[in-house]
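Visitor: Below is the structure I would like to discuss, written out as structure tokens.
The values are calculated or read from the model by the stated rules, or taken from the named source; none is laboratory data. Here the structure is a predicted model, which means the values were calculated and not measured. Note: ideal-geometry Cβ built from the backbone for every residue, glycine included; neighbour counts use all protein chains shown.
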Amino acid sequence: MLGRIGRDASSPLAVEIAADSIRIVQLNRRRGRPRISAWAVEMLERSTPLPGLCQPLRRAVQRCASRQRKVVLALPAAQVICKTCALPAGLVDTQLEQQLLRQAEQLLPFPLDDLALDFQVLGPAAQPGQVEVLVAACRQSLIDPYEQLCAEAGLQLVGIEVDSFALLRLLRGGAAEGAALLQVEANEVLLHRWGARHLALQQRAPELPGSDPLACVDWLRGLWQEASALGPPTQLSLTGARASEALAQVLSAQLGLACAVWTPLESMQPGAPIDEQLRSQVGRLALAHGLALGGLR
């Protein structure tokens, strides 16, 4: 587990760098339930380049008033290659890593000197004597600027995760079957789904006329009708800066499926006082919340 251990065990600072804001969540676990112990939303000028985010990131950390300086970030699923493969059972992590590096040229389109790779053993493979391994890889040169940004802000980057996998933790029990999550931001709409073999599918809506999120209805209908192993979802969760109950109701009526805005409030300790500022920002904090949940495991 990352972060402190003990009765007040807390996650690292989970940071999302979105187009319109920097979003931070820190969780701790009390009586078996995650609780938000620190959070912040620092609004940004449009199209602020990554090197210009040092001061906004510092302000966001100061605003959340946490002493934690370890940070986890998320990369878009579109920037990370995820695959599953079968490897011999009984190998320790270092041996599995060596096996994957030997196969990297066949598995991944990155040169080894610019490869950042992580993996997770999922369980027994179909072939006897082997295990199924989920592999995530991207270019190290994609990660380096984030490490530099965190260092300049006085933080230590200790982990990077694929955003779709972090968001999967928000669903009840992490159950991906039949579920979809629509991330409705100020400047984009992303659909996250999770298929067989633990792989994530992320699709970006075409540019929306007038930035109206309802303009994505026809796009979603088209996705449901496409020949796909996933098929139409049975439920749709909404997150993001522009997620709202009103939008969920309209999407539910037009798409004919259950839609609801995701909120972390139900996962917190019953009876805990809810700050109204926090309530107004929960849509923006979904991805950071999912990242922080990973740090509590």
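Visitor: Just for the stretch 229-243: of the residues that are surrounded by fewer than 15 Cβ atoms within 10 Å (Cβ to Cβ) and out of contact with any Leu (no Cβ under 8 Å at 6 or more places or on another chain), which one is nearest to Gln183 (Cα to Cα)?
Guide: The extreme case among them is Gly231.
Visitor: A follow-up question, please. Suppose the filter is surrounded by 13 or more Cβ atoms within 10 Å (Cβ to Cβ), at pLDDT below 90 and touching a Pro at 6+ places or on another chain (Cβ under 9 Å); does Trp194 pass it?
Guide: no
Visitor: Quick one: what pairs do we get from the stretch 193-210, first residue outside the structural domain of Leu122 (by TED's automatic domain parsing) and over 20 Å from Thr239 (Cβ atoms), second among the β-branched types (Val, Ile, Thr) and modelled with pLDDT of 80 or more, C-beta under 9 Å, 6+ apart or different chains?
Guide: Within 9 Å, the pairs are Arg197/Thr84; His198/Thr84; Leu199/Thr84.
Visitor: Give me the pairs, please: first residue somewhere in the stretch 35-56 and within 21 Å of Gly283 (Cβ to Cβ) and touching a residue at least 40 places away in the same chain (Cβ under 8 Å), second residue anywhere and of a type in the set (Gly, Ala, Ser) and in a helix (DSSP H, G or I), beta-carbon distance under 9 Å, and either six or more positions apart or on two chains.
Guide: Filtered contacts from the stretch 35-56: Arg35/Ser267; Ile36/Ala292; Trp39/Ala288; Val41/Ala60.
Visitor: Looking only at the stretch 55-107, filter to residues that are modelled with pLDDT of 90 or more and basic (Lys, Arg); which one of those is nearest to Gly290 (Cα to Cα)?
Guide: The residue in question is Lys70.
Visitor: Of everything in the stretch 44-89 that's of a type in the set (D, E, K, R) and within 19 Å of the chain's Cα centre (by Cα), which residue is surrounded by the most Cβ atoms within 10 Å (Cβ to Cβ)?
Guide: Residue satisfying both the conditions and the ranking: Lys70.
Visitor: May I ask you to list the residues in the stretch 25-42 that are loosely packed, with under 14 Cβ neighbours inside 10 Å and closer than 21 Å to Leu278 by Cα?
Guide: Once the filter is applied, which keeps residues that are loosely packed, with under 14 Cβ neighbours inside 10 Å and closer than 21 Å to Leu278 by Cα, the stretch 25-42 yields only Arg33.
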